[in-house]
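Colleague: Sharing a structure with you now.
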Amino acid sequence: MPPAKSASRGYAGGQGVVGVKALIVVESIWGNTEAIAVAIGAGLGAGAEVVRIDAAPDVLPAGLDLLVVGGPTHAFSMSRVDTRKAAKDQGATRVPRLGIREWIGKLGTPPRGTRVATFDTRSVAPRLPGSAAKKAMKRLVKLGYEPLAAAESFGVYGYSGPLEEGEVARAEQWGRTLAGRLA
């Protein structure tokens, strides 16, 4: 993983397409979703910033080209207080105080034309239904965000991981695809 930009903010973007100003807000409990977010940021390029949900701004920065929101799928959807508590009870040590569900609930109407993409991590063994990314996209579109791509899911073995083989590379490629759609 790249070095932390600061302990409270997240990670700097990678070496992908230059000139895309993107904010990637990520909820991660076991570290898998955060690894995907960092890879997406690398694909988007130097203008991408990954921010952990606990440090995510309530007001989005001006001039944002793309908002990317990601979180784990819990109980068929975005996490809730009780599902995050259950993760902590299962041994998770980095459980955020709020999730993308609550953060999206605090967002206001975006400036016209604000683009959004969503992703999640979901168990592939056992394969479970539901998608936090699809639920997040639905809520963001209802607020007025314009989808840049369909919600994307990345596979995790079990609840705590590891990520399915090849998912980090696929996430970086997805970031490049998103950047290309903005160009």
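The values are calculated or read from the model by the stated rules, or taken from the named source; none is laboratory data. Remember, it's a predicted structure, so these values are computed and weren't measured experimentally. Counting neighbours? That spans all protein chains shown, and the Cβs are built from the backbone with ideal geometry, glycine included. The protein model used for the area step is the full one, side chains on, heavy atoms only, and it has no ligands, DNA or RNA in it. Shrake-Rupley method; radii C 1.70, N 1.55, O 1.52, S 1.80 Å.
Colleague: Of all residues in segment 86-135, count the ones that are under 16 Å from residue 54 (Cβ atoms) and surrounded by 14 or more Cβ atoms within 10 Å (Cβ to Cβ).
Modeller: So in segment 86-135, the residues under 16 Å from residue 54 (Cβ atoms) come out as 87-88, 92-107.
From the residues that got through so far, the ones that are surrounded by 14 or more Cβ atoms within 10 Å (Cβ to Cβ) too are 87, 92, 95-96, 98-104, 107.
Here the count works out to 12.
Colleague: Hey, another quick one. Please pick out the residue among 98, 140 that is within 16 Å of residue 26 (Cβ to Cβ), within 16 Å of the chain's Cα centre (by Cα) and assigned to a loop (DSSP other than H, G, I, E, B). Spell out the reasoning first.
Modeller: Numbers: 140 fails: assigned to a loop (DSSP other than H, G, I, E, B).
Just one listed residue meets the conditions, 98.
Colleague: Among (1) assigned to a helix (DSSP H, G or I); (2) within 14 Å of residue 36 (Cβ to Cβ); (3) modelled with pLDDT under 95, which single condition is residue 161 missing?
Modeller: Of everything listed in (1) assigned to a helix (DSSP H, G or I); (2) within 14 Å of residue 36 (Cβ to Cβ); (3) modelled with pLDDT under 95, residue 161 misses just condition (1).
Colleague: Quick check on my filter: what residues within segment 69-85 are surrounded by 16 or more Cβ atoms within 10 Å (Cβ to Cβ) and either in a loop (DSSP other than H, G, I, E, B) or among the hydrophobic types (A, V, I, L, M, F, W, C) (or both)? Break it down into steps so the answer makes sense when it comes.
Modeller: Here is the first cut: in segment 69-85, the ones surrounded by 16 or more Cβ atoms within 10 Å (Cβ to Cβ) are 69-74, 77-79, 83-84.
Correct list: 69, 73, 78, 79.
Colleague: Identify, please: which residue in segment 164-176 is among the acidic types (Asp, Glu) and outside any helix (DSSP H, G or I) and is, among those, least open to solvent (accessible area, probe 1.4 Å)? Quick ask: steps written out before the conclusion?
Modeller: In the first step, residues of segment 164-176 are kept if they are among the acidic types (Asp, Glu); the result is 164-165, 167, 172.
This time we only want the ones that are outside any helix (DSSP H, G or I), so: 164-165.
On the way: 164: 61, 165: 171 Å².
My answer is 164.
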